[in-house]
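**Q** Right, I'll just put the structure down here and ask away after.
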Amino acid sequence: MRQTTNTILMVRPVGFRMNEQTAVNNYYQKVLDNVLPSTVNAKAQEEFDNYVEKLRSYGVNVIVVSDTTETDTPDSIFPNNWISFHENGTVGLYPMFAENRRLERREDILDILEEEGFIIDGVIDYTSGEEQNVFLEGTGSLLLDRVNRKAYCALSPRADEELFIEFCEDFEYTPVVFTSNQTVNGERKAIYHTNVMMCLAETFAVICLASIDDKKERKHVVKNLKDDGKEVIDITEEQVNNFAGNMLQVRGKDNERFLVMSQAAYDCLTKDQINKIEKHCKIISSSLDVIEGCGGGSARCMMAEVFLPKAN
């Protein structure tokens, strides 16, 4: 089992904008005043292309699929929410909170991966949850410790506990469940995705412990991380607001490990936090200001990790 992969699937946007359907519980999204939608999309494409180029320059294998103009899918740039790929050849498909995000699911993406030589042995489809208004948004909601077979999930309107437990049974993970909050206009409200406040790497975890209000839950999460030998690097809620939790460790050339994040995330880290991360691996950062501002997601959300086996 590997915790990190060299192959990433990314979807290039064609109609990127602030998605009004997700803004109801994603408090990181903003309307960019006096900016034309076409300008927002063009800027997002530019950030996307620069990001892909940067990843490839470090030897990361990025498979880019273009979004289609046939559907109105402003968040297609975040594929990790509707699909996940696993080492046994299984693909997971997930129920999405926003109706227009359900249109992001595309069978042709599986065909593209098979054309790239990856083997898909089966699909576990949870999307019927949408009929019951039950959601679990892929590796946005689930943080997988693939080596130690643990799945971390912060419950929210987009992460249902029963469905999470079902996922853990199907894929053989031990569930670590908790609630993670942020302050919105003086009120504590659930953070919409686990991967906004937490990142799991091979030998460390970046996490906003202050967002886990329940002390018992916080201790439980920390104990699991430490039991598995991970250094816990704590970040603040203010840093979470700058997407410092939304990072992903990937493999580049010669299996070298990198932690990927946005420029905003990097800029808000302290020297001490950067030193702690760099003891484990190098950092890659790329400017994603428009994508973060309108989309309310960042570097991690844009990468769907491909762990599928390859045909010989």
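The values are calculated or read from the model by the stated rules, or taken from the named source; none is laboratory data. Just so we're clear, the structure is a prediction, and the values are computed from it rather than from any experiment. Quick reminder, even Gly has a Cβ in these numbers, built from the backbone with ideal geometry, and neighbours come from all protein chains shown. Remember, those area values only see protein heavy atoms, side chains included, never the ligands or the DNA or RNA. Shrake-Rupley method; radii C 1.70, N 1.55, O 1.52, S 1.80 Å.
**Q** Taking a probe of 1.4 Å, how large is the accessible area per residue of region 117-164, in Å²?
**A** 37
**Q** Still on this structure: Pick out which of Asn41, Asn88, Asn185 has the largest mean-square fluctuation in a Gaussian network model of the chain, springs linking Cα atoms closer than 10 Å.
**A** Asn185
**Q** Could I ask something else about it? Label 7 Å along Cα→Cβ of Leu209; region 164-189 residues with amide nitrogen under 20 Å?
**A** Correct set: 176-183.
**Q** Counting other Cβ atoms within 10 Å, keep those with at most 16, restrict to DSSP loop, and tell me which GluC sites (Glu not before Pro) in region 245-312 are left.
**A** Those that pass, being in a loop and sparsely packed, are Glu256.
**Q** Turning to a different aspect of this structure: Multiply the residue separation of Thr71 and Arg102 by 0.36 nm, subtract the distance between their alpha-carbon atoms, and state the gained length in nm to one decimal.
**A** 10.1 nm
**Q** Now a separate question. Compute a Gaussian network model of the chain, connecting alpha carbons closer than 10 Å, and tell me which residue from Lys215, Lys282, Lys230 fluctuates the most.
**A** Lys215
**Q** Please tell me the relative contact order of the chain in percent, rounded to the nearest whole number, where contacts are Cα pairs under 8 Å and at least six residues apart.
**A** 25
**Q** How much of the accessible area of the chain, in percent, comes from carbon and sulfur atoms when a 1.4 Å probe is used?
**A** 46
**Q** Let me ask you something else. What does the accessible area of Ser76 come to, in Å² to the nearest 10, when a probe of 1.4 Å is used?
**A** 10
**Q** Could you tell me the largest-minus-smallest coordinate of the C-alpha atoms of region 76-219 on each of the three principal axes, in descending order and whole angstroms?
**A** 48, 35, 26
**Q** Convex hull volume of the Cα atoms in the chain, per residue, in Å³?
**A** Taking the convex hull of the Cα positions in the chain, it is 126 Å³ per residue.
**Q** Next up: Using alpha-carbon positions, what is the distance between the centroids of region 254-292 and region 169-225, in Å?
**A** 20
**Q** Comparing Ile235, Ile83, Ile274, which has the greatest mean-square fluctuation in the GNM of the chain with Cα pairs linked when under 10 Å apart?
**A** Ile274
**Q** Karplus couplings for region 200-213 from phi (6.51 cos²θ - 1.76 cosθ + 1.60, θ = phi - 60°), rounded to Hz, Gly and Pro as x?
**A** Values per residue, Gly and Pro as x: 10, 10, 5, 10, 8, 9, 9, 8, 8, 5, 5, 7, 8, 5 Hz.
**Q** Just round it to a whole percent: the fraction of Cα-Cα distances in region 143-226 exceeding 14 Å.
**A** The proportion of pairs with Cα distances above 14 Å equals 61 percent.
**Q** List the GluC sites (Glu not before Pro) within region 159-248 that fall in a DSSP loop (any state other than H, G, I, E or B) and whose Cβ has at most 11 other Cβ atoms within 10 Å.
**A** Counting only loop positions with at most 11 other Cβ atoms within 10 Å, the GluC sites (Glu not before Pro) in region 159-248 are Glu172.
**Q** Let me ask something else about it. Report the FRET efficiency, 1/(1 + (r/R0)^6), for Ile112 and Val184, where r is their Cβ-Cβ distance and R0 is 30 Å, rounded to 0.05.
**A** E(calc), rounded to 0.05, equals 0.20.
**Q** Using mean Cβ contacts within 10 Å as the protection proxy, how do 138-145, 43-50 order, highest first?
**A** Taking the mean over residues of other Cβ atoms within 10 Å, the ranking is 138-145, 43-50.
**Q** Something else about it: Per residue, how much accessible surface does region 170-251 expose to a 1.4 Å probe? Answer in Å², no decimals.
**A** Normalised by residue count, the accessible surface of region 170-251 is 40 Å².
**Q** On to the next question. Loop only per DSSP, at most 12 neighbouring Cβ atoms within 10 Å: give me the trypsin sites (Lys or Arg not before Pro) in region 235-281, ordered by residue number.
**A** Those satisfying the criteria are Lys279.
**Q** Could you give the length gained by full extension between Thr270 and Arg257, i.e. 0.36 nm per residue of separation minus their alpha carbon distance, to one decimal place?
**A** 2.6 nm
**Q** Under the Kirkwood approximation applied to all pairs of distinct alpha-carbon atoms, what is the hydrodynamic radius of region 169-283 in Å?
**A** Hydrodynamic radius (Kirkwood, Cα only) of region 169-283 equals 14.9 Å.
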